[in-house]
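Chemist: Pasting in a structure now, in structure tokens, and then I'll have a few things to ask.
The values are calculated or read from the model by the stated rules, or taken from the named source; none is laboratory data. It should be emphasised that the depicted structure is a prediction, and the values quoted were computed from it without experimental measurement. Methodologically, a virtual Cβ is constructed for each residue, glycine included, from the backbone with ideal geometry; neighbour enumeration extends over all protein chains shown.
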Number of protein chains: 2
Amino acid sequence: MRYGDAMQNKVSVSGAGGESLLFLTDDQLRRGIEAMFFAYRAFTADPDLILAELDYGRAHHRAIHFINREPGLTVTALLDVLGVTKQSLNRVLRTLIEDGLVESRIGRRDRRERQLYLTEQGAALERRLTETQRARMRAAYRAAGPQAVAGFRQVLEAMMDRDTLRQYRALKDLPETP
Amino acid sequence: MRYGDAMQNKVSVSGAGGESLLFLTDDQLRRGIEAMFFAYRAFTADPDLILAELDYGRAHHRAIHFINREPGLTVTALLDVLGVTKQSLNRVLRTLIEDGLVESRIGRRDRRERQLYLTEQGAALERRLTETQRARMRAAYRAAGPQAVAGFRQVLEAMMDRDTLRQYRALKDLPETP
DNA sequence: TTATTACGTCAGGCTTGTTGACTTTCCAAC
DNA sequence: GTTGGAAAGTCAACAAGCCTGACGTAATAA
């Protein structure tokens, strides 16, 4: 097992093309990686504080977010977006339902399905959680400017694999990028 | 408890200024939030596969990454960057040392300190893990272009809080942004 | 000498994830 | 109308990865 013996350092040409790749040093890439790590941690810090107060975790946040995003979505659909097992989600979902934040109604088309909705209380928590992240994002967007924001989104989307991108796009109201 | 009753929708003016904030709708912000969520998941997927093979987790990856980044750093310093407890890190570090990926030498200046280094084997795993992420990042960078990359980094940095930004900058070889 | 720091470790607890097995309900196809 | 399978819920057991609290040891600093 010997990895990357030839790619030890500096300018990784990386492709066959070699267009204008001068900026793609391993240093640059590594900084991008680290920026993701630190930014993501900062990004989840605010909601985590609120959630801890209420004895919830990030899993609850994610469930609440996507139920809010698409009211009436089924358990299977939610399972698909979150990428976890039924059992894992169920535990979280059960507490949310018991606590009166989520409502589970029998499916209209198919009575086997359960359609998930936020209650007024659940929607209130969603707003509270999201607002902290929006505030952070808003501040970052204002500081960086519209052009930077476009680049930010462009790179993030380019980082997603096919399947993830599909899920991401499925959520969009108005797809802009063909 | 009633949150954000007034901010329900659309164009959040958000500041007192109102410069050229037309692009900052709640929709835009929400998409940014979701892009972070999905991109981060895609971003960690490749290393996770390799780590699972070896019965390691993300915690091991993070430790390896930062030890590689700054060979000889002390346990306390590592604790600070990772933002976890001593006990939590110790379990991870112990297995890495037992498995011969990390070496812990007695501090030169201060004999209480332990300075951490990757062994040849540890460095090999680091390269293997990082290369998957670099490849993804490289592809995304190439697809999006240099300008987008600049924006990407700019927004991520603007998202970090003071303390996180300090840690992030402390790693940099050549700080560019004043 | 004493206080403090750096590190390691034992114990116990929580959340979130996993597998595997099983039941109930319901749709749909034969 | 029976039957096969999908959707959902549940029980049990387990592991990773975090946490707090308490304690011990070694070495530096006051």
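Chemist: Can you pull out the residues in the stretch B:45-99 that are buried (at least 16 other Cβ atoms within 10 Å of the Cβ), more than 13 Å from DNA strand D (Cβ to nearest atom) and farther than 19 Å from A:Arg30 by Cβ?
Modeler: B:Ile97
Chemist: Looking only at residues that are near DNA strand C (Cβ under 9 Å from one of its atoms) and basic (Lys, Arg) in the stretch B:100-117, which one is surrounded by the fewest Cβ atoms within 10 Å (Cβ to Cβ)?
Modeler: Once the filter is applied, the top-ranked residue is B:Arg112.
Chemist: With modelled with pLDDT under 90 and polar (S, T, N, Q) as the only criterion, which of A:Gln154, A:Gln115, A:Gln133, A:Gln167 stands out?
Modeler: Numbers: A:Gln154 fails: modelled with pLDDT under 90; A:Gln115 fails: modelled with pLDDT under 90; A:Gln133 fails: modelled with pLDDT under 90.
Every option except A:Gln167 fails the conditions.
Chemist: Being more than 14 Å from DNA strand C (Cβ to nearest atom), modelled with pLDDT under 95 and assigned to a helix (DSSP H, G or I), is that true of even one residue in the stretch B:74-86?
Modeler: To start, the set of residues in the stretch B:74-86 that are more than 14 Å from DNA strand C (Cβ to nearest atom) comprises B:83.
Subsequent filtering for residues that are modelled with pLDDT under 95 retains B:83.
Cutting the leftovers down to assigned to a helix (DSSP H, G or I) gives us none.
No.
Chemist: Next question. Scan the stretch A:147-166 and give yes if some residue there is touching a helix residue (DSSP H, G or I) at 6+ places or on another chain (Cβ under 7 Å) and within 16 Å of DNA strand C (Cβ to nearest atom), otherwise no. Before you say what the answer is, go through the steps one by one.
Modeler: Going through the stretch A:147-166, the residues touching a helix residue (DSSP H, G or I) at 6+ places or on another chain (Cβ under 7 Å) turn out to be A:147-161, A:164-165.
Imposing the further condition that a residue be within 16 Å of DNA strand C (Cβ to nearest atom) reduces the set to A:164.
For the stretch A:147-166, residues touching a helix residue (DSSP H, G or I) at 6+ places or on another chain (Cβ under 7 Å) and within 16 Å of DNA strand C (Cβ to nearest atom): present.
Chemist: Also, I was wondering about something else. Quick check, is A:Val102 of a type in the set (Val, Ile, Thr), touching a helix residue (DSSP H, G or I) at 6+ places or on another chain (Cβ under 6 Å) and within 11 Å of DNA strand D (Cβ to nearest atom)?
Modeler: yes
Conditions tested, residue by residue: (1) more than 7 Å from every other protein chain (Cβ to nearest Cβ); (2) in a helix (DSSP H, G or I); (3) on the phi > 0 side of the Ramachandran plot.
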residue: B:Ser104; (1), (2), (3): yes, no, no
residue: B:Gln121; (1), (2), (3): yes, yes, no
residue: B:Gly151; (1), (2), (3): no, yes, no
residue: B:Glu157; (1), (2), (3): no, yes, no
residue: B:Asp163; (1), (2), (3): yes, yes, no
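Chemist: Continuing with this model, one more query. Taking B:Arg94 as the residue in question, decide whether it is in a loop (DSSP other than H, G, I, E, B) and away from chain A (no Cβ under 11 Å). Don't jump to the end; show me each part of the working.
Modeler: Numbers: in a loop (DSSP other than H, G, I, E, B): no; away from chain A (no Cβ under 11 Å): yes.
Here the answer is no, as B:Arg94 does not meet what is asked.
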